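Visitor: Take this structure first; my questions come after.
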């Protein structure tokens, strides 16, 4: 599990094709790779990946065909920037929200505009995932935990404060940038409970108790 609070920005230093899969090398001078072990999880722009080799200033990870197909990682090139977050340890601060690192879909930046000192982004996602998005709810964009300001159709808006723009790759987004999206895990569980009747759980019950 992760929190959606990015620890460092990394750079893709090498891409090696291996029988259809890809081995990525990710470099960063701001991650204490010596503290991690082979087999540990590191989120790369919101995608949970396993470290298969660790070096002083970089790590290597294998990316499957499935992951390449369902995330934006397949579009990465050498020199591209990525958000990095190590997995959550018990006792760590939960500064964002619980993030699994399992990407639900790929979205795209449809609008970018200044909003005082912040930047307001509109992000379009596939329509079938729009039902998981709620105003003032949480969402993960390239591994960054964000609060949704507005929802309209298959799009939603988020405000990016200056710190987030500087500390993550979001500051470099332009219209058309493709991003990894993970919806709030609670939305998926609520949908599942409602579909199975949930032992009396209903939309009216959730509404009466302040959940919808």
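Any read-out appearing in this document is the output of simple, stated calculations on the displayed coordinates, not a laboratory observation. None of these values were measured; they are calculated from a predicted model. Please note: Cβ atoms are built from the backbone with ideal geometry, for glycine as well, and neighbour counts cover all protein chains shown.
Visitor: So what's the angle, to the nearest 10 degrees on a 0 to 90 scale, between helix 185-195 and the longest Cα principal axis of the chain?
Guide: Once rounded, the angle reads 40 degrees.
Visitor: State, as an integer percentage, the relative contact order of segment 8-86 based on alpha-carbon contacts under 8 Å between residues 6 or more apart. Can you show the working numbers first?
Guide: Working: 161 pairs, mean separation 30.6, N = 79.
RCO, segment 8-86: 39 percent.
Visitor: If you average the sequence gap of Cα pairs under 8 Å that are 6 or more apart and divide by the length of segment 105-192, what percent do you get for the contact order?
Guide: Numbers: 170 pairs, mean separation 31.4, N = 88.
Value for segment 105-192: 36 percent.
Visitor: Counting other C-beta atoms within 10 Å, which of 139, 161, 170 has the fewest, and how do the rest follow? Before the final figure, lay out each step's value.
Guide: Numbers: 139 26, 161 13, 170 23.
Neighbour counts put them in this order, fewest first: 161, 170, 139.
Visitor: Taking the Cα centroid of segment 67-146 and of segment 1-42, what is the distance between the two, rounded to the nearest whole Å?
Guide: Here the two parts' Cα centres lie 17 Å apart.
Visitor: Next question, about the same structure. Can you sort 81, 111 by how many other beta carbons sit within 10 Å, fewest first?
Guide: Numbers: 81 16, 111 12.
Listed from fewest to most nearby Cβ atoms, that is 111, 81.
Visitor: Springs between alpha-carbon atoms under 10 Å, Gaussian network over the chain: tell me which of 145, 89, 110 tops the mean-square fluctuations.
Guide: Judging by the Gaussian network model, the answer is 89.
Visitor: Below 8 Å, C-alpha to C-alpha, sequence gap of six or more: please give me the relative contact order for the chain in percent. Write down the numbers at each step before the final one.
Guide: Numbers: 470 pairs, mean separation 46.5, N = 212.
Once normalised by length, the contact order is 22 percent.
Visitor: Once label points are set 7 Å from the Cα along Cα→Cβ at both residue 175 and residue 151, what is their separation, rounded to one decimal in nm?
Guide: 2.6 nm
Visitor: Okay, moving on. Mind checking which of 184, 115, 57 has the largest fluctuation in a GNM of the chain, springs on alpha carbons under 10 Å?
Guide: 115
Visitor: Quick check on the exposure proxy: order 55, 97 from fewest to most C-beta atoms within 10 angstrom. Walk me through the numbers before you get to the answer.
Guide: Working: 55 12, 97 19.
Ascending number of Cβ neighbours within 10 Å: 55, 97.
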